[in-house]
């Protein structure tokens with residue numbers, strides 16, 4: 001059974017966070033913990049591997065866009081959880097051409113659930129800025 005998009009984003013966030021902390025641990029090693037914490041099947045965890053790998057493969061480009069949008073903070077000052085929430089949102093804007101309203105709402109939801117209350121406005125501002133700048137580059 002396909003996971004709802006919300007649950008997919010939560011799973012992807014946890015995959016990225018665990019990769020960031022210990023990138024020598026394989027996805028297979030993380031599967032058990034994620035299955036238990038998110039109450040999903042191994043099939044669902046492994047099904048997110050492609051999207052996870054796409055983000056990792058393009059992380060330099062994603063972080064470059066994030067750094068441009070985040071003029072007030074260097075990426076080193078941004079918490080790992082917020083950075084990964086933003087990476088997912090930027091990936092969705094660039095690659096999946098997700099509706100801007102959905103990307104912003106989901107980034108805010110993830111921020112409220114997994115980060116601090118202060119981070120919500122920061123995440124909102126960055127996703128909105130990236131959305132505007134990337135959409136401006138699209139042909140009319």
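Just so it is clear, none of the values below were taken in a lab; they were calculated from the coordinates. Here the structure is a predicted model, which is why all the values come from computation and not from measurement. No Cβ is skipped: glycine too gets one built from the backbone with ideal geometry, and neighbour counts run over all protein chains shown.
Based on other C-beta atoms within 10 Å, arrange 124, 61 from fewest to most.
Numbers: 124 15, 61 12.
Listing 124, 61 from fewest to most nearby Cβ atoms yields 61, 124.
Ranked for footprinting exposure by Cβ neighbours inside 10 Å, fewest first, 57, 128 give 57, 128.
You can think of it this way: the chain between residue 56 and residue 121 has 20.8 nm of extra reach, that is 0.36 nm per residue less the Cα-Cα gap. Estimated from the Cβ-Cβ distance and a Förster radius of 22 angstrom, the FRET efficiency linking residue 112 and residue 20 is about 0.60.
Compute the projected area of the convex hull of the Cα atoms of region 78-140, averaged over all viewing directions, and report it in nm² to one decimal place.
Numbers: hull surface 15.7 nm².
Directional mean of the projected Cα hull area for region 78-140 stands at 3.9 nm².
As a rough footprinting exposure proxy, the listed residues 134, 10, 99 were ranked by other beta carbons within 10 Å of their own, and the order from fewest upward is 99, 134, 10.
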